[in-house]
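Participant: Can you read through this structure? Questions will come right after.
Bear in mind that the values in this text are calculations on the coordinates, not laboratory data. Computed from a prediction, not measured in an experiment: that's the story for all the values here. Here the Cβ positions follow ideal geometry from the backbone for every residue, glycine too, while neighbour counts run over all protein chains shown.
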Amino acid sequence: MAEKVLKGITCPACSGELDLKEGVKSFNCKYCGTLLLTRGVDGVIKYYVPRKIQCNIAIQNMFNWLGKGLAKARGLKNNAKLDDAFLVYIPYWRVRADVIGWVFGKERRTQTVNGRTSTYYVDVERKIQKPFDRTFAACDVAELGVRKVNLAGDEMRAVNFEELQTEGMLFNIISSEKEITDYAKDQFVQEAINSVRVDQVTFQHNDLVRPNVTIVYYPLWVVRYIHQGRTYQVIVDGEDGTVCYGKAPGNNLYRAVMGIFGTAVGSFLITFFGIFGIVSDGDSLEGALAAYVFAFIFGVILIGWGYKKFRYGGEVEEGTGIVAPPKKSLFGGSKKLSNIAKMGTGNIDVVDIATSLLRR
């Protein structure tokens, strides 16, 4: 079947005559370069970030990352062997919106009179007006670990699926606009409320205004290496070359030292200051007890830190794209990297073309 093309469309910026292929949601005018958007019934506008990092640079950045830090296995950079490297384009929801509203409640305050400290609460009214610009994975990225990307300063172009498919693998979008909008609203509102620091909230009213939801296909290099018979994976940003997610074997000596150090110092703070507080005379007893409480809390934190370093230090995970996974899954299913299907463009019913400056 012949490809359907709309002819005779005029660019609103330079009045140049354009031809529009069916399925295209956004494109640049071939005369003046203005970004043009098509309105239809096919969903949100889709963009992509062009790849700037070549494969050899991504591999070099991976090896540089392997050689940094004491927590990774000794000699990892020299002993690791490259296994595979390939490019993928991952779709991310970009949600921009403002949270505006009011929070009423009580704020906790303290006062000291005659050496005694007391706590009291006062009624407060706080106005919320906070902008947000976040990215959320539009597919299951559990295998990649990159749940967000940084779009600040990145060039974005109208998506061309045929061009992207020649460069690398495309992931399918498996979450809906409504799901991500509801999820983003809950997250934005909660962060906005926390930012005003009201200890006891009695009433709140807020709205998500000027929401703008788009899809951005982002280039990521998947670089795999082998160390002592095990395969590990590092995800390198295809736009700026940073490590978005990397997994490496841990340094057992470092684990042991950190575990012993945290336990020893934490136990010392707990026991030493406890004895100091007990043997202090009456005049300085209150100050000694306050110092002991502080030392006790700090000691417990150190013990917990040392335990985590020892317990979970067998593998190191680092990267700019790591965030806590959502408590409620946004995806109806899981798609493994080896089974990802390439995505088509779909059909749209073009109503008109509007000029858009890509607001950052």
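Participant: Contour minus end-to-end for Tyr121 and Cys14, with contour as 0.36 nm per residue of separation and end-to-end as the Cα-Cα distance? Don't jump to the answer; show the numbers that get you there.
Facilitator: Details: separation 107, 0.36 × 107 = 38.52 nm, distance 6.22 nm.
Additional length available on full extension: 32.3 nm.
Participant: In addition: Which distance in nm do the two modelled labels at Thr242 and Leu37 give, with both placed 7 Å along the Cα-to-Cβ direction?
Facilitator: In this crude label model, Thr242 to Leu37 measures out at 2.7 nm.
Participant: Additional query: Within a Cβ distance under 12 Å of Lys68, other residues only, what is the Lys/Arg minus Asp/Glu net charge? Present the calculation step by step, with values, prior to reporting the outcome.
Facilitator: Working: positive: Lys72, Lys77; negative: Glu318.
It works out to a net charge of +1.
Participant: With each label point set 7 Å from Cα along the Cα-Cβ vector, what nm distance links Glu191 and Ile226?
Facilitator: Once both label points are built, they end up 4.2 nm from each other.
Participant: Between Asp133 and Lys178, what FRET efficiency comes out of the Förster formula 1/(1 + (r/R0)^6) with R0 = 22 Å and r the beta carbon distance, rounded to 0.05?
Facilitator: Details: r = 20 Å, r/R0 = 0.89.
The value I calculate is 0.65.
Participant: Which entries in the list Lys185/Lys308; Lys127/Lys185; Lys106/Lys178 go over 27 Å, if you measure between the two C-alpha atoms of each?
Facilitator: Numbers: Lys185/Lys308 33 Å; Lys127/Lys185 17 Å; Lys106/Lys178 34 Å.
Pairs exceeding 27 Å: Lys185/Lys308; Lys106/Lys178.
Participant: Now, a different point. Take the Cβ-Cβ distance between Val209 and Gln54 as r, set R0 to 30 Å, and report the resulting FRET efficiency rounded to the nearest 0.05. Walk me through the numbers on the way to the answer.
Facilitator: Working: r = 42 Å, r/R0 = 1.40.
FRET efficiency, Val209 to Gln54: 0.10.
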